[in-house]
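Every number here is computed from the coordinates shown, using simple stated rules; none is lab data. The shown structure was predicted, so the numbers you read here are calculated from the model rather than taken from an experiment. Here Cβ is always computed from backbone atoms with ideal geometry, including for glycine, and neighbour counts include all displayed protein chains.
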Amino acid sequence: MSKTLFDKVWDSHVVKHIENGPDVLFIDRHLVHEVTSPVAFLGLKNRGIKVLYPERTFATADHNTPTRNQHLPVKDPLSANQLKALEENANAHNIPYWGLGHKKNGIVHVIGPENGITVPGATIVCGDSHTSTHGAFGAIAFGIGTSEVEMVLSTQCIMQPKPKSLRINVNGELSEAVTPKDVALFIISKLSTSGATGYFAEYAGDVFKNMSMEGRMTVCNLSIEMGARGGMIAPDETTFEYIKGREYTPKGKDWDAAMEYWSTLYSDDDAEFDKEVTFDAREIEPMITFGTNPGMGIGISKDIPLAESIDGSPATYKKSLEYMDYNEGEAMVGKPIDFVFLGSCTNGRIEDFRAFASIIKGRKKADNVTAWLVPGSHKVEAAIREEGILDVLTEAGFELREPGCSACLAMNDDKIPAGKYAVSTSNRNFEGRQGPGARTLLASPLVAAAAAVTGKVTDPRELMQEEVLA
Amino acid sequence: MAYDKFNILKSSAVPLPIENVDTDQIIPARFLKATERKGFGDNLFRDWRYNSDGTPKEQFVLNNPIYSGKILVGGKNFGSGSSREHAAWAVYDYGFRCVVSSFFADIFRGNCLNIGVLPVQVSPEFLDKIFKAIEADPKTELEVNLPEQKITILATGESESFDINDYKKQNMLNGFDDIDYLLNIQKDIEKYAENTPL
């Protein structure tokens with residue numbers, strides 16, 4: 001019987017199927033961070049059991065960490081306590097722990113792929129919804145709640161009904177200044193934040209075939225924002241080249257054996273999907289959001305849609321615009337902004353910093369803008385220095401912070417003040433997401449850079465045009 | 001760890017007729033710093049419920065004493081966003097045992113089921129009827145009957161059936177959790193793991 005990529009990986013991990021119930025799914029690799037794990041470890045303690053397979057478990061601190069002075073004790077006592085709890089739990093259960101200051105420390109979804117923990121055909125979970133990132137490698141990866149973290153710690157399994165399948169095709173060639181982030185925001189704007197709920201997505205077509213691994217990670221990362229538990233892309237030469245030689249990827253004979261399996265990981269020609277959608281790459285322009293969920297995005301040159309033209313409740317739509325202090329029919333270009341945030345598991349990798357630097361090179365940060373540039377990991381930070389990007393940033397009046405989730409969810413001090421506008425490369429523009437009362441405009445690193453140097457929402461193509469003319 | 005059993009719940013309900021209520025609204029990230037599962041109810045819908053100085057926002061439904069009960073009724077796509085189980089804990093800790101909506105985000109739905117809060121998905125039409133019934137009489141009662149998988153507006157007798165898989169239904173009825181089940185089949189799991197390289 002022909003199978004989808006998702007079927008192949010899922011079916012091979014089912015330990016037991018429960019009639020009219022969930023599957024018991026074996027989890028190959030479990031990523032753990034400080035915020036969603038302490039209650040799970042407490043559960044193990046109460047039951048008197050240990051982590052079943054610590055060698056399949058990896059812990060890092062990222063959500064609740066400062067992005068300055070990481071060598072000093074963490075000031076917030078609650079945060080410090082949570083970090084201490086993770087360290088103690090990791091030590092008590094022999095789990096590799098990459099805490100603050102460790103050279104492998106960083107955002108959990110950045111360091112997984114960086115260190116080769118993420119491989120094709122694996123099942124990967126973490127108590128974080130953006131675990132979908134790892135699907136870029138042809139893995140089944142999804143976010144779980146703390147009860148499920150406890151399940152995986154104690155039994156390396158999770159109980160999940162098999163989701164329905166959705167294929168998203170984007171064919172053709174992307175236009176200038178259109179990045180993977182724009183592709184994802186475009187898809188979410190078409191499907192809405194609940195359009196893929198109940199499904200697991202596969203991304204296919206020219207655009208994803210031609211995309212770098214980091215770009216694929218950005219796209220898969222945002223799968224959850226259209227409601228899908230996860231999204232995946234069939235592994236290919238780009239994937240194998242990226243993972244080869246990384247610390248936790250197989251070596252020698254094991255690599256050959258793995259390659260044999262990985263090369264079978266694609267959707268069969270006649271595989272059937274429960275739902276399939278297709279878009280033309282040329283329809284996509286640089287995107288920006290104007291509302292309070294990631295589905296409220298438009299091409300940057302467009303106007304904010306009228307309430308009567310949207311699906312869903314007009315009252316909810318108006319409440320959202322009211323929060324943003326925007327009106328229907330207004331243009332996004334030219335809107336003043338106060339903050340720029342470059343970072344997060346969505347856009348905190350080296351290619352994102354390269355893109356950002358390409359726009360700001362030879363320009364200056366606008367005086368009215370506060371910019372927080374936060375690398376996704378120490379490895380990303382090292383690359384920023386090695387490639388000379390730090391010099392470009394410094395020259396333009398920007399400074400680099402230390403790795404972590406930072407203003408994406410604003411658990412630490414990196415909070416956008418109430419009423420202020422932030423162009424952010426992160427993944428959620430929910431009310432108060434980046435701080436109580438903060439207003440978030442989600443966009444790509446190019447759009448963020450254009451805003452950072454002009455102090456307002458600016459089409460990056462204009463600045464790129466200037467460069468060509470110069 | 002076992003949780004409360006759920007059988008038949010008869011209660012008035014708190015209406016929140018807003019779509020896409022995300023987990024950052026249910027519990028903002030800055031309240032996720034605890035290492036134990038307690039006290040989350042105080043911060044349920046924190047920024048909708050309180051001003052920045054901590055005074056209550058009187059127009060918000062949880063601050064309106066005419067609404068109360070163990071059932072929260074929300075608009076479409078309830079619980080979208082993050083995987084934080086803290087959102088479900090906050091709902092539970094505040095005193096809700098059931099959330100009704102016309103559509104739930106996946107992870108939130110699963111998290112509720114894992115801690116003994118019943119997510120009841122109804123049709124958009126029935127959701128509308130519930131909102132209207134509460135509007136007409138804030139004390140109106142709903143009956144959520146898990147054994148029969150039926151929700152009824154008691155004042156009008158209108159009812160609708162809802163879905164839940166048999167496995168989860170039994171768990172909810174008996175207060176069992178998944179870990180009890182998984183620990184019982186640990187031998188099968190270990191056998192599977194032996195044949196699965198890292």
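State which stretch of chain B is the longest one without any exposed trypsin sites (Lys or Arg not before Pro), exposure meaning a DSSP loop state and at most 14 other Cβ atoms within 10 Å.
The longest such stretch corresponds to B:58-138.
Relative contact order of the stretch A:291-381, please, whole-number percent, based on alpha carbon pairs below 8 angstrom and at least 6 residues apart.
Result for the stretch A:291-381 is 29 percent.
For A:GLY143, what residues show an amide H to amide H distance below 5 Å, using hydrogens built from the backbone and excluding near sequence neighbours?
A:THR131, A:SER132
Contact order normalised by length for chain B, with contacts defined as Cα pairs under 8 Å and 6 or more residues apart; what percent is it?
That works out to 26 percent.
Can you tell me the length gained on complete extension of the stretch A:LYS50 to A:LEU72, counting 0.36 nm per residue apart and subtracting the Cα distance?
My answer for the length gained is 4.7 nm.
Please list the non-local residues whose amide H lies under 5 Å from the amide H of B:TYR50, H modeled 1.01 Å from N, same-chain partners needing a gap of 5 or more.
It is B:LYS57, by chain and number.
Taking 0.36 nm per residue of separation and subtracting the Cα-Cα distance, what length does fully extending A:LYS302 through A:LYS244 add?
Once the chain is fully extended between A:LYS302 and A:LYS244, it gains 16.6 nm.
Please identify, among B:ASN77, B:ASN114, B:ASN64, the residue showing maximal mean-square fluctuation in a Gaussian network model of chain B using a 10 angstrom Cα cutoff.
Comparing B:ASN77, B:ASN114, B:ASN64 in the GNM, the peak value goes to B:ASN64.
Can you tell me the length gained on complete extension of the stretch A:ASP206 to A:ARG282, counting 0.36 nm per residue apart and subtracting the Cα distance?
Between A:ASP206 and A:ARG282, full extension yields an extra 26.2 nm.
Which values of log₁₀ I(q)/I(0), to two decimal places, follow from the Debye formula for the stretch A:334-470 at q = 0.22 Å⁻¹ with a uniform point scatterer at every Cα?
For the stretch A:334-470, the Cα-only Debye profile gives -1.35.
Near the amide H of A:SER165, under 5 Å away, which other amide H atoms are found, from residues 5 or more places off or on another chain, if H is placed in the peptide plane?
Amide H to amide H, under 5 Å and 5 or more residues apart or across chains, A:SER165 pairs with A:PHE200, A:ASP274, A:LYS275.
Regarding the stretch A:273-320, what whole-number volume in Å³ per residue does the convex hull of its Cα atoms give?
Here the figure is 113 Å³ per residue.
Is there a pair in A:LYS104/B:LYS33; A:LYS3/A:LYS50; A:LYS253/A:LYS379; B:LYS10/B:LYS57; A:LYS16/A:LYS50; A:LYS190/A:LYS364 whose C-alpha atoms are over 26 Å apart, and which pairs would that be?
The pairs that break the limit, which is 26 Å between Cα atoms, are A:LYS3/A:LYS50; A:LYS253/A:LYS379; B:LYS10/B:LYS57; A:LYS190/A:LYS364.
Just to check I understand the Karplus step: with θ = phi - 60° and J = 6.51 cos²θ - 1.76 cosθ + 1.60, what whole-Hz values come out for the stretch A:332-339, glycine and proline as x?
7, 4, x, 5, x, 9, 10, 10
Using a basic spin-label model with each label point 7 Å from the Cα along Cα→Cβ, how many nm lie between A:ALA418 and A:ALA257?
Using points 7 Å along Cα→Cβ, the separation is 6.0 nm.
Please report the net charge: other residues with Cβ closer than 10 Å to the Cβ of A:ILE224, K and R +1, D and E -1.
After counting each charged neighbour, the total is -1.
Quick one: what are the phi-derived ³J(HN,Hα) couplings along the stretch A:144-156, Karplus 6.51/-1.76/1.60 with θ = phi - 60°, whole Hz, x for glycine and proline?
9, x, 5, 4, 6, 4, 4, 4, 6, 4, 8, 9, 6
Using the Karplus curve 6.51 cos²θ - 1.76 cosθ + 1.60 with θ = phi - 60°, work out ³J(HN,Hα) for each residue of the stretch A:170-187 in order, rounded to whole Hz, and write x for Gly and Pro.
With the stated coefficients, the stretch A:170-187 comes to 10, 10, x, 10, 6, 7, 4, 6, 9, 9, x, 4, 5, 4, 5, 5, 5, 4 Hz.
Give the longest segment of chain B that steers clear of GluC sites (Glu not before Pro) in DSSP loops with at most 13 neighbouring Cβ atoms within 10 Å, not counting the sites themselves.
The segment B:59-147 is the longest one with no such site.
When a/c reaches 1.5 or more, the comparison of a/b and b/c decides; with that in mind, is the stretch A:309-370 rounded, prolate or oblate per its Cα gyration tensor?
prolate
Could you tell me the calculated FRET efficiency between B:ASP128 and B:ASP163, based on Cβ-Cβ distance and R0 = 22 angstrom, to the nearest 0.05?
0.70
Can you compute the radius of gyration and Dmax for the stretch B:43-134, using only the Cα atoms, both in Å?
Rg and Dmax of the stretch B:43-134, Cα atoms, are 13.4, 39 Å.
Would you work out the charge dipole size for the stretch B:69-198 about its Cα centre, treating the Cβ of every Lys and Arg as +1 and the Cβ of every Asp and Glu as -1, and quote it to the nearest 20 debye?
The calculated dipole for the stretch B:69-198 is roughly 200 debye.
Give a quick list of chymotrypsin sites (Phe, Trp or Tyr not before Pro) in the stretch B:29-126 that DSSP marks as loop, anything other than H, G, I, E or B, with at most 14 other Cβ atoms within 10 Å.
Those that pass, being in a loop and sparsely packed, are B:PHE60.
Hey, rough spin-label estimate for A:ASP268 and A:GLU330, points 7 angstrom out along Cα→Cβ, what's it come to in nanometres?
Spacing of the two 7 Å Cα→Cβ label points: 5.4 nm.
Applying 1/(1 + (r/R0)^6) with R0 = 51 Å to the Cβ-Cβ distance of B:THR196 and B:ASN7, what FRET efficiency is obtained, to the nearest 0.05?
It comes to 0.80.
Return the percentage of antiparallel bridges among DSSP beta bridges fully within chain A, rounded to the nearest 5 %.
25 percent
For the protein assembly as shown, what does the helix formula give at 222 nm: sum of -39500 (n - 2.57) over DSSP H segments with n ≥ 4, over the residue count, nearest 500 deg cm²/dmol?
-9000 deg cm²/dmol
Let me make sure I get this right: for the protein assembly as shown, a, b and c are the square roots of the gyration tensor eigenvalues over alpha carbons, sorted descending. Under 1.5 in a/c it's rounded, otherwise prolate if a/b > b/c, else oblate. Which is it?
rounded
Please report, in whole Å, how far the alpha carbons of the stretch B:1-158 spread along each principal axis, starting with the longest.
Principal axes ranked by extent give 44, 37, 23 Å for the Cα atoms.
Against the 2.2 N^0.38 Å scaling, with N counting residues, where does the stretch A:410-468 land? I'd like the Cα-based Rg ratio to two decimal places.
1.23
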